[in-house]
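See structure below.
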Amino acid sequence: MEFVLTNIQAFISILSIWILAVMMPGPDMFLVIRMAINKGKMAAIMAVFGIVTGTFIWLIVGFFFITILGGGALFDILKICGGIYLIWMASQVFKSLKKQSIAQDYDTKESGQAAFYTGLLTNIANPKPPIFVSIILSKLPLYTPFLIDCSLLFVMLIIPLVWFYIVVRLFTIEVFLDKFIRHSKVVDILAGIVFGIFGIDLVYEGIRALA
């Protein structure tokens, strides 16, 4: 508990950016929405399980990758590169605000098993999750106790599971889709600002550590 309290700011940063990364509209989000609308609640839930399974894989890889890096110069270079990527992502988010439509096409399947694999492959094939996981976990304090690592990993798994389940429930109500489209840019703006700030912070920390 003392370790958590000492590093509370780092854990808050990790979970805050993770929540925004999960909530930010992307391939996973649109897959779940289209599954819920076109294939029904159960297919969408199976897709969510697939997405969370993919997230679990990336989290395991992320935790392992950060452990290998340790506290050397490579770790600081990762921070700088990750920060630059987040700043670029923020610019892309604001650039995307000019687009009129958020609709995308997905090859969805009707069976629960196929929906699961669709969700899993959509998450695994997306190059952003592993980058985000590595970037976010670069905020993790060095030599974090194993129990704390496991607890954080568990929480980071529960967040997308709960969020996408809420999405499924909401988008089985057709009228909500129109409201989401009208207000989705608010989420984009918030995510863009936070990604930008977080990216600048990572670049600053990395450069300061290398200097």
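The values are calculated or read from the model by the stated rules, or taken from the named source; none is laboratory data. For clarity, every value in this text was computed on a predicted model and none was experimentally measured. Quick reminder, even Gly has a Cβ in these numbers, built from the backbone with ideal geometry, and neighbours come from all protein chains shown. Surface accessibility is based on the protein's heavy atoms, side chains included, excluding ligands, DNA and RNA. Shrake-Rupley method; radii C 1.70, N 1.55, O 1.52, S 1.80 Å.
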Subset of the stretch 141-160 (residues that are under 16 Å from the mean Cα position of the chain (by Cα), surrounded by 15 or more Cβ atoms within 10 Å (Cβ to Cβ) and aliphatic (A, V, I, L, M)): Leu152, Leu153, Met156, Leu157, Ile159
Pairs please, first residue from the stretch 134-154 and among the polar types (S, T, N, Q) and at pLDDT 75 or above, second anywhere and surrounded by fewer than 16 Cβ atoms within 10 Å (Cβ to Cβ) and assigned to a loop (DSSP other than H, G, I, E, B), Cβ atoms under 8 Å, 6+ apart in sequence or on different chains. none
Options Ile77, Ile60; residue that is within 21 Å of Leu157 (Cα to Cα), open to solvent by 50 Å² or more (accessible area, probe 1.4 Å) and modelled with pLDDT of 75 or more: Ile60
Matching option when the condition is at pLDDT below 75 and either of a type outside the set (Ser, Thr, Tyr) or not in a helix (DSSP H, G or I) (or both), among Phe30, Phe11, Phe3: Phe3
